[in-house]
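Take a look at the structure below.
The values are calculated or read from the model by the stated rules, or taken from the named source; none is laboratory data. Everything numeric in this text was worked out from a predicted model, so none of it was measured. Cβ: placed from backbone, ideal geometry, glycine included. Neighbour counts: every protein chain shown.
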2 protein chains.
Amino acid sequence: MSGCVGVVGATGLVGRTMLAILAERQVPIAELRLFASGRLPGRTVEFRGHSIPVRELSEAGLQGVDLMLFAAGNPVSERWAPLAVAAGARVVDNSSAFRYRDEIPLVVPEINGDLLESLPALVANPNCSTIAVVMALAPLRRAATLTRLWVATYQSVSGAGGRALQELEQGVRAGLDGPPPLGAGGAAPYAFNVVPQIAAFEDNGYTREEMKIVWETRKILDLPSLAVSATAVRVPVRVGHAAAVRAEFDRPFDPDEARAHWRAFPGIEVVDDPATGRYPTPLQAAGRDAVLVGRARRDLADPRGLEFFVASDNLRKGAALNAVQIAEALMAREAATRR
Amino acid sequence: MSGCVGVVGATGLVGRTMLAILAERQVPIAELRLFASGRLPGRTVEFRGHSIPVRELSEAGLQGVDLMLFAAGNPVSERWAPLAVAAGARVVDNSSAFRYRDEIPLVVPEINGDLLESLPALVANPNCSTIAVVMALAPLRRAATLTRLWVATYQSVSGAGGRALQELEQGVRAGLDGPPPLGAGGAAPYAFNVVPQIAAFEDNGYTREEMKIVWETRKILDLPSLAVSATAVRVPVRVGHAAAVRAEFDRPFDPDEARAHWRAFPGIEVVDDPATGRYPTPLQAAGRDAVLVGRARRDLADPRGLEFFVASDNLRKGAALNAVQIAEALMAREAATRR
């Protein structure tokens, strides 16, 4: 297929990464339309040697779009995604606006890409931390019953967007010779600090980010009552989310067996050789497609518990790459259906 | 008492913090002897307005010392602590050389300070991450039986010593406009990164730092068979260790009850008000004595599970302050015994 593809939020961190990945993967695109908000007059973005103008979203602009990738916030998706669907486009939405609706598939293609076979009009792209964790769990949960999950994240500042990343850069520069300045609204600084809050707090004491890990892990792995608990923490890293994971199964799970399952699973790279100091780090994951998994070891007190550490590029597999993979699968399925 | 006090490793991060704390707390000291290794000729350190020479350790230098604080590595403690004891000094050792010997008390004064009443000749000071975690657990485990513990740490670079801290500073500066350089021996950089290795790996796939958390938590809380698992991770923070903790008890443990126990416990400050964005961070803990505890919430799947987050100054309560507290308790006990 080489139809008309739209990208909403084309000037943001995830939107720009989407464009880079569409170009890298040589996704066939006959026409590319870029949308964003803010001061846009005259703004263009380079794509495959062409300067593409960035425009504001409008109903007229949606006409004729075959596939629309949304990389903006929830309010934009809530308003415009249904209009794009009504105008005949398929939508891959990176916001969390539709993720928790039963009728909307939440897809990591390597895990539950079969949900794309029915050619759904709107597909939700999961949370950036959740994707890395479920990628590592998916091959294990096929081999044994997953009973409990505990996650502590180490999330990079790019996950909070371009402005947050600027705040990190400024904070680090200011913090070279003095205390890093407070963040927006007196918030704890990102620079030289660790902040155990990502997104707003819910009434149960968990942040929305932590609840996303709970809800989305259950939905993607199709384990609706899985016991999951998470702590989501921001660390002064630019790109690359990591997580310490403890997974408990219904039987002892040997680390060697886990590594064998990971090696056989697409999109995972095992980086796990303590003897030579090899284990996943965000710096190593940044700019790459694979989810890095390592530090596999048995829970010392319970052989059914398996501990491991994951790192992945939150802008790529955690957001833009996964969305493009979904788009590619939809395009391929549609082409096959037409034949 | 106002005897002769010695500090070994007086020019290191922990040693210098010990001197600052001895001065702050106006610990009575008749004579102060400072020891270190390396290029020392003519080197002096300021203490309470006096320039104190720093000397190399020698058997002669140990004579007449009443209390020796060791803040050097294991080899120094292994060689010199027994000699200091033989010369009649009481020793508080910040290395891990003696921590796991049954006959050596491993003390956090607020928790098991009663072990100092017998005036032991050598007392071990615990690991910097472990201290914050056990401080938060101690008041809870008096109220209910602690059955399982899972810890993921966010440890600052000062925990690896002065040279590591320099490497962070240099890495951050170099990393402002390019990739941060690799660490010593090609190790993963500290700057703009997260490194899931602290100390060497053991045969079981855990690092020595992670095993310290296991062994020391059991010993300090006097729960020799407690199920503990840990992931120890270095983050690009200068001072202040944090940890995400999941503690499981034999009964449901309400977060409000936990906060009440923490408030009543010396050395803990509850920083836990999601509504106003208050939770512990390392930047907030740095330079302070209290262990900050917050983000208390119930495990979503099991009410016997309690999740929380701690942050504390790893150089102060995690090392130097705890050692000075032990020293003060020994001095007070000795004075009481003499009377």
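Any chance the stretch B:125-132 includes a residue that's at negative phi, within 14 Å of chain A (Cβ to nearest Cβ) and out of contact with any Lys or Arg (no Cβ under 6 Å at 6 or more places or on another chain)? Within the stretch B:125-132 (the criterion being at negative phi, within 14 Å of chain A (Cβ to nearest Cβ) and out of contact with any Lys or Arg (no Cβ under 6 Å at 6 or more places or on another chain)), the answer is yes, since at least one residue qualifies. Tell me whether the stretch B:140-149 contains one or more residues that are in the same structural domain as B:Ile198 (by TED's automatic domain parsing), buried (at least 23 other Cβ atoms within 10 Å of the Cβ) and either under 30 Å from B:Arg238 (Cα atoms) or of a type in the set (A, V, I, L, M, F, W, C) (or both). Looking through the stretch B:140-149, at least one residue is in the same structural domain as B:Ile198 (by TED's automatic domain parsing), buried (at least 23 other Cβ atoms within 10 Å of the Cβ) and either under 30 Å from B:Arg238 (Cα atoms) or of a type in the set (A, V, I, L, M, F, W, C) (or both). When A:Asn204 is tested against (1) over 15 Å from the mean Cα position of the chain (by Cα); (2) buried (at least 18 other Cβ atoms within 10 Å of the Cβ), only condition (2) is not met. The set of residues in the stretch A:25-75 that are under 18 Å from A:Gly162 (Cα atoms), surrounded by fewer than 12 Cβ atoms within 10 Å (Cβ to Cβ) and charged (D, E, K, R) contains only A:Arg39. Taking the criterion of being surrounded by fewer than 22 Cβ atoms within 10 Å (Cβ to Cβ) and in contact with an Asp or Glu (Cβ under 9 Å, 6 or more places away or on another chain), the residues of the stretch A:275-293 that qualify are A:Arg278, A:Gly287, A:Arg288, A:Asp289, A:Ala290. If you go through the stretch A:279-314 and keep only what is at the interface with chain B (Cβ under 7 Å from one of its Cβ atoms) and on the phi > 0 side of the Ramachandran plot, you end up with just A:Arg295. Given the conditions (1) out of contact with any helix residue (DSSP H, G or I) (no Cβ under 9 Å at 6 or more places or on another chain); (2) without any contact (Cβ under 8 Å) to a residue 24 or more places away in the chain, which single one is not true for B:Ala188? Checking B:Ala188 against (1) out of contact with any helix residue (DSSP H, G or I) (no Cβ under 9 Å at 6 or more places or on another chain); (2) without any contact (Cβ under 8 Å) to a residue 24 or more places away in the chain, the one that fails is (1).
Could you please let me know if A:Pro196 is surrounded by 21 or more Cβ atoms within 10 Å (Cβ to Cβ), within 30 Å of A:Trp262 (Cα to Cα), outside the structural domain of A:Val107 (by TED's automatic domain parsing) and free of Cβ contacts under 8 Å to residues at least 40 places away in the same chain? In short, yes.
Candidates are the residues of the stretch A:152-188 that are facing chain B (nearest Cβ under 8 Å), aliphatic (A, V, I, L, M) and outside any helix (DSSP H, G or I); the one that is surrounded by the most Cβ atoms within 10 Å (Cβ to Cβ) is A:Ala152.
Please specify each residue of the stretch A:238-257 satisfying the condition of being away from chain B (no Cβ under 11 Å) and in a helix (DSSP H, G or I). Of everything in the stretch A:238-257, just one residue is away from chain B (no Cβ under 11 Å) and in a helix (DSSP H, G or I), namely A:Glu257.
Take the residues of the stretch A:270-310 that are assigned to a loop (DSSP other than H, G, I, E, B), of a type in the set (Asp, Glu) and in contact with a strand residue (DSSP E or B) (Cβ under 6 Å, 6 or more places away or on another chain): which is modelled with the highest pLDDT? The extreme case among them is A:Asp272. If only residues of the stretch A:234-274 that are more than 12 Å from A:Leu140 (Cα to Cα) and charged (D, E, K, R) are counted, the one that is surrounded by the fewest Cβ atoms within 10 Å (Cβ to Cβ) is A:Asp273.
In the stretch A:218-237, the residue that is farthest from the other protein chains (Cβ to nearest Cβ) out of those that are among the basic types (Lys, Arg) and closer than 20 Å to A:Ile111 by Cβ is A:Lys219. What are the pairs, 6+ residues apart or on separate chains, where a residue within the stretch B:52-81 that is closer than 22 Å to B:Pro41 by Cβ and without any contact (Cβ under 8 Å) to a residue 40 or more places away in the chain has its Cβ under 6 Å from a residue that is buried (at least 20 other Cβ atoms within 10 Å of the Cβ) and charged (D, E, K, R)? Partner pairs satisfying both residue conditions: none exist.
Would you check if B:Arg218 is in a strand (DSSP E or B) and of a type in the set (D, E, K, R)? For B:Arg218, the condition - in a strand (DSSP E or B) and of a type in the set (D, E, K, R) - is not met.
Does B:Val85 satisfy being crowded, with 20+ Cβ neighbours inside 10 Å and closer than 20 Å to B:Ala327 by Cα? Against the criterion (crowded, with 20+ Cβ neighbours inside 10 Å and closer than 20 Å to B:Ala327 by Cα), B:Val85 does not qualify.
Meeting the requirement of 3 or more residues that are more than 21 Å from the chain's Cα centre (by Cα) and not assigned by TED's automatic domain parsing to the domain that holds B:Pro224, the strands (runs of 3 or more DSSP E) wholly within the stretch B:1-113 are B:31-35, B:44-47, B:50-55.
The number of residues in the stretch A:201-217 being aliphatic (A, V, I, L, M) and within 9 Å of another protein chain (Cβ to nearest Cβ) comes to 2.
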